[in-house]
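Heads up, the thing below is written out as structure tokens.
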Amino acid sequence: HLTCTDLDRVSQKHPVCVFHITRHFVTLNSMGLLAAGISGSTPQPSGGYIGMDKNGNPNGILAENAAIHYLRNVLPSRTPEELAAGLIQAGKMALSRGITSIHDAAAGIGPADFAALSAVVSGDLLPLRIQGMVPYQFIETIYGSEGVYPLSGFRTGSGTNRFKIGPVKIFIDGSIQGY
């Protein structure tokens, strides 16, 4: 994995964040660690970890819930238009390689991404067949709580022949891709 030392060579003036292809890990440079409020005294989060060097200082690697928790309020938010444009670009790239059906293992990173994906597909802007998995963290946001369901009818298998709701994604032991 990259470390903050590697990314500090890129910039020591601006925060830098590099996502692992699995999105289970990110690496921040020193400015990124500072922006995220991470230091040697930051407690290890439940369900993830902050990588440390041999001296007990953060090495820039954040895994699983650590990445989500510390980056949520630091990374700039994307507009619905930016989300849509990115989905369309990725869809065109997939189609150019003969890929016509995909599974989104987290349906984006939250309800806004899920809504953007649904809108792009229903607007016929992304001619792929997609099965979106709902991350367990967003179940209450999507389904509601205490018997109140803001998206009534939003169930596994619901949708169209182009965009269907798949299973709920739950993981408890991290990602094998990151070793």
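Listed values, structure above:
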quantity: Average accessible surface area per residue within the stretch 64-136, 1.4 Å rolling probe, Å²; calculated: 57
quantity: Estimated vicinal HN-Hα couplings, Hz - the stretch 118-135 in sequence order (Karplus 6.51, -1.76, 1.60; Gly, Pro = x); calculated: 4, 5, 5, 5, 5, x, 6, 9, 9, x, 10, 8, 10, 10, x, 8, 8, x
quantity: Average projected area [Cα convex hull, the stretch 8-74], square nanometres; calculated: 4.5
quantity: Sorted peptide list for 20-32, 156-168, criterion being average Cβ within 10 angstrom, highest first; calculated: 20-32, 156-168
quantity: Interchain or long-range residues, amide H under 5 Å from Asn59's placed H; calculated: Gly51, Met52, Asp53
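The values are calculated or read from the model by the stated rules, or taken from the named source; none is laboratory data. Only a predicted model underlies this, so the values are computations on that prediction, with no experimental measurement involved. Quick reminder, even Gly has a Cβ in these numbers, built from the backbone with ideal geometry, and neighbours come from all protein chains shown. We work out accessible area using only protein heavy atoms, side chains counted, and drop any ligands, DNA or RNA first. Shrake-Rupley method; radii C 1.70, N 1.55, O 1.52, S 1.80 Å.
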